[in-house]
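Before any comments, here is the structure.
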Amino acid sequence: MGILNLTPDSFSDGGLWLDPARAVDHGLRLLAEGADLLDLGAESTRPGGGVYGEGAHTVPPEEESARLLPVLAALRAATDAPISVDTRKGEVATRALAAGADLINDVTALSDPRLGDAVAAAGCPLVLMHSRGELATMQRGIHFQDVVGEVRAELAAAAARAEGFGIAADQLVLDPGIGFGKTWEQNLALIRHLDAISGLGRPLLLGASRKSFVARASTRPDATPDRRLGGSLAAVAWAASQGAAIVRVHDVAETAQFLDVWQAIARQGADA
Ligand code: HH2
(Lines give C-alpha, C1' and ligand atoms only; values in the text may rest on other atoms or scores of the structure.)
Protein backbone atom coordinates (compact mmCIF):
# COMPACT_ATOMS: atom_id res chain seq x y z
CA MET A 1 0.00 0.00 0.00
CA GLY A 2 1.61 3.23 -1.17
CA ILE A 3 0.99 6.33 0.98
CA LEU A 4 -0.21 9.49 -0.73
CA ASN A 5 -0.62 12.28 1.83
CA LEU A 6 -2.51 15.31 0.50
CA THR A 7 -1.74 17.30 3.63
CA PRO A 8 0.43 20.29 4.51
CA ASP A 9 1.57 18.72 7.80
CA SER A 10 2.08 14.94 7.65
CA PHE A 11 5.08 13.93 9.73
CA SER A 12 7.23 12.72 6.86
CA ASP A 13 5.93 14.04 3.54
CA GLY A 14 3.66 16.92 4.56
CA GLY A 15 3.30 19.58 1.87
CA LEU A 16 4.95 17.57 -0.91
CA TRP A 17 1.78 16.69 -2.79
CA LEU A 18 -0.51 19.68 -2.25
CA ASP A 19 -0.75 20.42 -5.95
CA PRO A 20 -3.39 17.95 -7.27
CA ALA A 21 -1.58 17.31 -10.57
CA ARG A 22 1.66 16.47 -8.74
CA ALA A 23 -0.25 14.29 -6.29
CA VAL A 24 -1.83 12.31 -9.13
CA ASP A 25 1.58 11.86 -10.79
CA HIS A 26 3.04 10.65 -7.49
CA GLY A 27 0.18 8.19 -6.97
CA LEU A 28 0.66 6.76 -10.46
CA ARG A 29 4.40 6.57 -9.85
CA LEU A 30 3.84 4.56 -6.65
CA LEU A 31 1.71 2.10 -8.64
CA ALA A 32 4.37 1.86 -11.36
CA GLU A 33 6.96 1.20 -8.63
CA GLY A 34 5.04 -1.82 -7.40
CA ALA A 35 2.26 -0.68 -5.06
CA ASP A 36 -0.84 -2.86 -5.34
CA LEU A 37 -3.04 -0.17 -3.83
CA LEU A 38 -2.89 3.46 -2.74
CA ASP A 39 -3.90 5.07 0.55
CA LEU A 40 -4.98 8.70 0.14
CA GLY A 41 -5.00 10.80 3.30
CA ALA A 42 -6.13 14.42 3.48
CA GLU A 43 -5.84 14.93 7.24
CA SER A 44 -2.66 14.24 9.20
CA THR A 45 -3.23 11.98 12.18
CA ARG A 46 0.14 12.34 13.90
CA PRO A 47 -0.63 11.86 17.57
CA GLY A 48 -0.07 14.59 20.16
CA GLY A 49 1.57 14.45 23.58
CA GLY A 50 4.85 12.87 22.40
CA VAL A 51 7.48 13.46 19.72
CA TYR A 52 5.03 15.49 17.59
CA GLY A 53 4.22 18.05 20.32
CA GLU A 54 0.55 18.92 20.24
CA GLY A 55 0.01 16.62 17.23
CA ALA A 56 -2.02 17.28 14.10
CA HIS A 57 -4.86 19.78 13.97
CA THR A 58 -8.31 18.45 13.17
CA VAL A 59 -9.37 19.42 9.67
CA PRO A 60 -13.06 20.22 8.99
CA PRO A 61 -14.71 17.69 6.64
CA GLU A 62 -15.18 20.35 3.94
CA GLU A 63 -11.46 21.08 3.83
CA GLU A 64 -10.51 17.40 3.97
CA SER A 65 -12.89 16.68 1.07
CA ALA A 66 -11.59 19.63 -0.94
CA ARG A 67 -8.02 18.29 -0.66
CA LEU A 68 -9.04 14.73 -1.37
CA LEU A 69 -11.74 14.61 -4.04
CA PRO A 70 -9.99 16.18 -7.06
CA VAL A 71 -7.03 13.82 -6.65
CA LEU A 72 -9.26 10.81 -6.01
CA ALA A 73 -11.37 11.56 -9.11
CA ALA A 74 -8.31 11.97 -11.33
CA LEU A 75 -6.68 8.79 -10.03
CA ARG A 76 -9.96 6.91 -10.40
CA ALA A 77 -10.07 7.95 -14.07
CA ALA A 78 -6.45 6.91 -14.58
CA THR A 79 -6.23 3.52 -12.84
CA ASP A 80 -8.21 0.45 -11.81
CA ALA A 81 -5.88 -0.18 -8.87
CA PRO A 82 -7.68 -0.21 -5.53
CA ILE A 83 -7.80 3.19 -3.83
CA SER A 84 -8.10 3.43 -0.06
CA VAL A 85 -9.07 6.63 1.73
CA ASP A 86 -7.59 7.29 5.16
CA THR A 87 -10.29 9.16 7.05
CA ARG A 88 -12.05 9.02 10.40
CA LYS A 89 -15.07 11.04 9.27
CA GLY A 90 -18.28 9.51 7.96
CA GLU A 91 -19.00 12.51 5.80
CA VAL A 92 -15.65 12.27 4.02
CA ALA A 93 -15.94 8.48 3.67
CA THR A 94 -19.40 8.83 2.08
CA ARG A 95 -18.09 11.34 -0.47
CA ALA A 96 -14.97 9.30 -1.16
CA LEU A 97 -16.95 6.12 -1.79
CA ALA A 98 -19.29 8.02 -4.14
CA ALA A 99 -16.20 9.27 -6.00
CA GLY A 100 -14.88 5.75 -6.55
CA ALA A 101 -12.80 4.84 -3.50
CA ASP A 102 -12.60 1.07 -2.97
CA LEU A 103 -11.91 0.90 0.75
CA ILE A 104 -11.84 3.04 3.87
CA ASN A 105 -8.94 3.15 6.33
CA ASP A 106 -10.09 4.42 9.74
CA VAL A 107 -7.34 5.05 12.30
CA THR A 108 -10.00 5.50 15.01
CA ALA A 109 -11.77 2.17 14.33
CA LEU A 110 -15.27 3.64 13.98
CA SER A 111 -15.24 6.67 16.28
CA ASP A 112 -17.78 8.20 13.88
CA PRO A 113 -20.86 5.95 13.55
CA ARG A 114 -21.64 7.57 10.18
CA LEU A 115 -18.46 5.99 8.84
CA GLY A 116 -19.79 2.57 9.87
CA ASP A 117 -23.06 3.29 8.07
CA ALA A 118 -21.22 4.44 4.93
CA VAL A 119 -19.05 1.31 4.81
CA ALA A 120 -22.03 -0.97 5.49
CA ALA A 121 -24.01 0.67 2.67
CA ALA A 122 -21.09 0.37 0.23
CA GLY A 123 -20.18 -3.18 1.25
CA CYS A 124 -16.50 -2.24 0.85
CA PRO A 125 -13.46 -3.30 2.89
CA LEU A 126 -12.65 -1.36 6.07
CA VAL A 127 -9.32 -1.12 7.87
CA LEU A 128 -9.83 -0.98 11.64
CA MET A 129 -6.70 0.41 13.25
CA HIS A 130 -6.04 0.19 16.98
CA SER A 131 -5.55 3.38 18.95
CA ARG A 132 -6.40 4.52 22.45
CA GLY A 133 -7.71 7.91 23.55
CA GLU A 134 -7.84 11.16 21.63
CA LEU A 135 -5.30 11.86 18.88
CA ALA A 136 -4.31 15.17 20.51
CA THR A 137 -3.12 13.58 23.76
CA MET A 138 -2.61 9.87 23.07
CA GLN A 139 1.16 9.80 23.59
CA ARG A 140 0.70 10.93 27.23
CA GLY A 141 0.13 8.53 30.12
CA ILE A 142 0.48 5.39 27.99
CA HIS A 143 -0.31 2.29 30.01
CA PHE A 144 -0.51 -1.34 28.94
CA GLN A 145 0.15 -4.38 31.09
CA ASP A 146 0.23 -6.74 28.12
CA VAL A 147 0.36 -4.65 24.96
CA VAL A 148 -0.08 -7.53 22.51
CA GLY A 149 -2.97 -9.13 24.41
CA GLU A 150 -4.74 -5.82 25.01
CA VAL A 151 -4.39 -4.61 21.40
CA ARG A 152 -5.67 -7.97 20.22
CA ALA A 153 -8.68 -7.80 22.56
CA GLU A 154 -9.46 -4.21 21.60
CA LEU A 155 -9.26 -5.04 17.89
CA ALA A 156 -11.63 -7.97 18.47
CA ALA A 157 -14.02 -5.52 20.18
CA ALA A 158 -13.70 -3.11 17.23
CA ALA A 159 -14.53 -5.94 14.82
CA ALA A 160 -17.61 -6.78 16.88
CA ARG A 161 -18.62 -3.10 16.80
CA ALA A 162 -18.26 -3.11 13.01
CA GLU A 163 -20.51 -6.11 12.72
CA GLY A 164 -23.09 -4.17 14.74
CA PHE A 165 -23.23 -1.70 11.83
CA GLY A 166 -23.94 -4.53 9.40
CA ILE A 167 -20.34 -4.73 8.18
CA ALA A 168 -19.50 -8.36 7.46
CA ALA A 169 -16.43 -9.91 9.10
CA ASP A 170 -14.93 -10.57 5.67
CA GLN A 171 -14.91 -6.81 4.92
CA LEU A 172 -12.46 -6.15 7.76
CA VAL A 173 -8.69 -5.69 7.79
CA LEU A 174 -7.01 -5.25 11.21
CA ASP A 175 -4.04 -3.05 12.11
CA PRO A 176 -2.24 -2.79 15.50
CA GLY A 177 -1.72 0.97 15.01
CA ILE A 178 2.04 1.38 15.30
CA GLY A 179 2.82 4.71 16.97
CA PHE A 180 -0.73 5.46 18.06
CA GLY A 181 -0.73 5.61 21.87
CA LYS A 182 2.23 3.23 22.31
CA THR A 183 5.81 3.57 23.51
CA TRP A 184 8.58 2.69 21.08
CA GLU A 185 9.19 -0.62 22.90
CA GLN A 186 5.49 -1.45 22.71
CA ASN A 187 5.60 -0.81 18.95
CA LEU A 188 8.49 -3.28 18.68
CA ALA A 189 6.57 -5.89 20.70
CA LEU A 190 3.50 -5.53 18.46
CA ILE A 191 5.57 -6.00 15.30
CA ARG A 192 7.39 -8.96 16.84
CA HIS A 193 4.11 -10.63 17.82
CA LEU A 194 1.88 -9.63 14.92
CA ASP A 195 0.94 -13.26 14.49
CA ALA A 196 -0.98 -13.06 17.78
CA ILE A 197 -3.38 -10.68 16.05
CA SER A 198 -3.70 -12.88 12.98
CA GLY A 199 -5.41 -15.30 15.38
CA LEU A 200 -8.47 -13.06 14.95
CA GLY A 201 -8.81 -14.50 11.46
CA ARG A 202 -8.72 -11.28 9.44
CA PRO A 203 -6.00 -9.98 7.09
CA LEU A 204 -3.47 -7.72 8.81
CA LEU A 205 -2.09 -4.35 7.80
CA LEU A 206 1.10 -2.92 9.28
CA GLY A 207 1.96 0.78 9.07
CA ALA A 208 5.47 1.27 10.42
CA SER A 209 7.01 3.27 7.60
CA ARG A 210 9.42 6.03 8.75
CA LYS A 211 7.81 6.23 12.19
CA SER A 212 9.77 7.59 15.13
CA PHE A 213 10.26 4.20 16.83
CA VAL A 214 12.53 3.30 13.87
CA ALA A 215 14.97 6.02 14.83
CA ARG A 216 14.56 5.37 18.55
CA ALA A 217 15.39 1.66 18.19
CA SER A 218 18.45 2.26 16.02
CA THR A 219 21.97 3.56 16.59
CA ARG A 220 20.81 6.88 15.06
CA PRO A 221 17.95 8.08 17.27
CA ASP A 222 18.19 11.49 15.56
CA ALA A 223 17.49 10.05 12.08
CA THR A 224 14.89 12.22 10.35
CA PRO A 225 11.89 10.51 8.69
CA ASP A 226 13.56 10.52 5.26
CA ARG A 227 16.52 8.60 6.77
CA ARG A 228 14.48 5.72 8.21
CA LEU A 229 14.12 3.39 5.23
CA GLY A 230 16.46 0.68 6.54
CA GLY A 231 14.63 0.35 9.84
CA SER A 232 11.25 0.54 8.10
CA LEU A 233 12.29 -2.45 5.98
CA ALA A 234 13.14 -4.38 9.15
CA ALA A 235 9.51 -3.93 10.20
CA VAL A 236 8.35 -5.04 6.73
CA ALA A 237 10.45 -8.20 7.10
CA TRP A 238 8.82 -9.05 10.42
CA ALA A 239 5.38 -8.31 8.97
CA ALA A 240 6.03 -10.51 5.93
CA SER A 241 7.39 -13.36 8.02
CA GLN A 242 4.20 -13.38 10.08
CA GLY A 243 1.88 -13.31 7.09
CA ALA A 244 0.72 -9.67 7.09
CA ALA A 245 -1.43 -9.00 4.03
CA ILE A 246 -0.61 -5.32 3.57
CA VAL A 247 2.30 -3.05 4.48
CA ARG A 248 1.59 0.68 4.31
CA VAL A 249 4.75 2.44 3.12
CA HIS A 250 6.18 5.68 1.76
CA ASP A 251 9.12 4.06 -0.08
CA VAL A 252 7.34 1.78 -2.52
CA ALA A 253 10.11 0.90 -4.99
CA GLU A 254 12.52 -0.12 -2.23
CA THR A 255 9.88 -2.05 -0.30
CA ALA A 256 8.68 -3.88 -3.42
CA GLN A 257 12.25 -4.90 -4.26
CA PHE A 258 12.84 -5.96 -0.66
CA LEU A 259 9.72 -8.13 -0.67
CA ASP A 260 10.48 -9.60 -4.11
CA VAL A 261 13.89 -10.76 -2.95
CA TRP A 262 12.61 -11.87 0.48
CA GLN A 263 9.98 -14.02 -1.23
CA ALA A 264 12.44 -15.37 -3.82
CA ILE A 265 14.75 -16.49 -1.02
CA ALA A 266 11.84 -18.04 0.88
CA ARG A 267 10.78 -19.95 -2.26
CA GLN A 268 14.32 -21.17 -2.76
CA GLY A 269 14.29 -22.54 0.78
CA ALA A 270 11.01 -24.35 0.08
CA ASP A 271 12.39 -25.98 -3.11
CA ALA A 272 15.77 -26.98 -1.67
N1 HH2 B 1 -0.35 5.53 10.14
C2 HH2 B 1 -0.55 6.82 9.74
C3 HH2 B 1 -1.71 7.18 9.05
N4 HH2 B 1 -2.63 6.25 8.73
N5 HH2 B 1 -3.39 4.01 8.77
C6 HH2 B 1 -3.22 2.74 9.15
N7 HH2 B 1 -4.14 1.82 8.84
N8 HH2 B 1 -2.10 2.33 9.84
C9 HH2 B 1 -1.12 3.22 10.20
O10 HH2 B 1 -0.15 2.80 10.85
C11 HH2 B 1 -1.29 4.60 9.82
C12 HH2 B 1 -2.45 4.96 9.10
C13 HH2 B 1 0.49 7.85 10.04
O14 HH2 B 1 1.42 7.96 8.98
P15 HH2 B 1 1.39 9.06 7.81
O16 HH2 B 1 0.15 8.97 6.99
O17 HH2 B 1 2.63 8.94 7.03
O18 HH2 B 1 1.44 10.45 8.58
P19 HH2 B 1 0.33 11.52 8.99
O20 HH2 B 1 -0.70 10.87 9.83
O21 HH2 B 1 1.13 12.57 9.72
O22 HH2 B 1 -0.28 12.05 7.71
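The values are calculated or read from the model by the stated rules, or taken from the named source; none is laboratory data. Worth saying up front: this structure is predicted, and the values here are computed from it rather than measured. Virtual Cβ from ideal backbone geometry, glycine too; neighbours counted across all protein chains shown. What goes into the accessible areas is simple: the full protein's heavy atoms, side chains included, and nothing from ligands, DNA or RNA. Shrake-Rupley method; radii C 1.70, N 1.55, O 1.52, S 1.80 Å.
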**Item:** Single condition Gly181 does not satisfy, out of (1) under 15 Å from the mean Cα position of the chain (by Cα); (2) at pLDDT 95 or above
**Value:** (2)
**Request:** Please work out which residue is farthest from Ser12 (Cα to Cα), limiting yourself to the stretch 217-233 and to residues that are surrounded by 15 or more Cβ atoms within 10 Å (Cβ to Cβ) and not polar (S, T, N, Q).
**Result:** Ala217
**Message:** Quick check on the stretch 110-128: of everything there that is within 16 Å of the ligand (Cβ to nearest atom) and farther than 17 Å from Ala169 by Cβ, which residue is most open to solvent (accessible area, probe 1.4 Å)?
**Reply:** Ser111
**Message:** Against the condition part of a loop (DSSP other than H, G, I, E, B), without any contact (Cβ under 8 Å) to a residue 12 or more places away in the chain and of a type outside the set (Lys, Arg), how does Ala223 come out, does it pass?
**Reply:** yes
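Just checking, does the stretch 254-262 include any residue being of a type outside the set (Val, Ile, Thr) and surrounded by 21 or more Cβ atoms within 10 Å (Cβ to Cβ)? Write out each step before concluding.
So the first thing to find is which residues in the stretch 254-262 are of a type outside the set (Val, Ile, Thr), and the list is 254, 256-260, 262.
Checking the rest, the ones that are also surrounded by 21 or more Cβ atoms within 10 Å (Cβ to Cβ) come to none.
No, the stretch 254-262 has no match at all.
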**Asked** Mind checking which residues of the stretch 93-109 are under 26 Å from Ala73 (Cβ atoms) and within 15 Å of the ligand (Cβ to nearest atom)?
**Response** Ala93, Ala96, Ala101, Asp102, Leu103, Ile104, Asn105, Asp106, Val107, Thr108
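Do you know which of the residues in the stretch 1-24 that are buried (at least 20 other Cβ atoms within 10 Å of the Cβ), within 13 Å of the ligand (Cβ to nearest atom) and of a type outside the set (Gly, Ala, Ser) is farthest from Pro70 (Cα to Cα)? Steps first, please.
Of the residues in the stretch 1-24, the ones buried (at least 20 other Cβ atoms within 10 Å of the Cβ) are 1-7, 10-11, 17, 23-24.
Narrowing the set further to residues that are within 13 Å of the ligand (Cβ to nearest atom) leaves 1-7, 10-11, 17.
Retained after the next criterion (residues that are of a type outside the set (Gly, Ala, Ser)): 1, 3-7, 11, 17.
Values: Met1: 20, Ile3: 17, Leu4: 13, Asn5: 13, Leu6: 11, Thr7: 14, Phe11: 23, Trp17: 13 Å.
So the residue we want is Phe11.
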**Prompt:** Going by the conditions given, is Ala239 within 15 Å of the ligand (Cβ to nearest atom), part of a helix (DSSP H, G or I) and under 30 Å from Ala122 (Cα atoms)?
**Reply:** yes
**Asked** Of the conditions (1) over 18 Å from Val85 (Cβ atoms); (2) open to solvent by less than 40 Å² (accessible area, probe 1.4 Å); (3) touching a residue at least 24 places away in the same chain (Cβ under 8 Å); (4) not aromatic (Phe, Trp, Tyr), Ala42 fails just one. Which one is it?
**Response** (1)
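Looking at the structure I just gave you, is Gly133 away from the ligand (no atom under 14 Å from the Cβ), more than 16 Å from Lys89 (Cα to Cα) and modelled with pLDDT under 95? First the steps, then the outcome.
Numbers: away from the ligand (no atom under 14 Å from the Cβ): yes; more than 16 Å from Lys89 (Cα to Cα): yes; modelled with pLDDT under 95: yes.
Judged against the criteria, Gly133 is a match.
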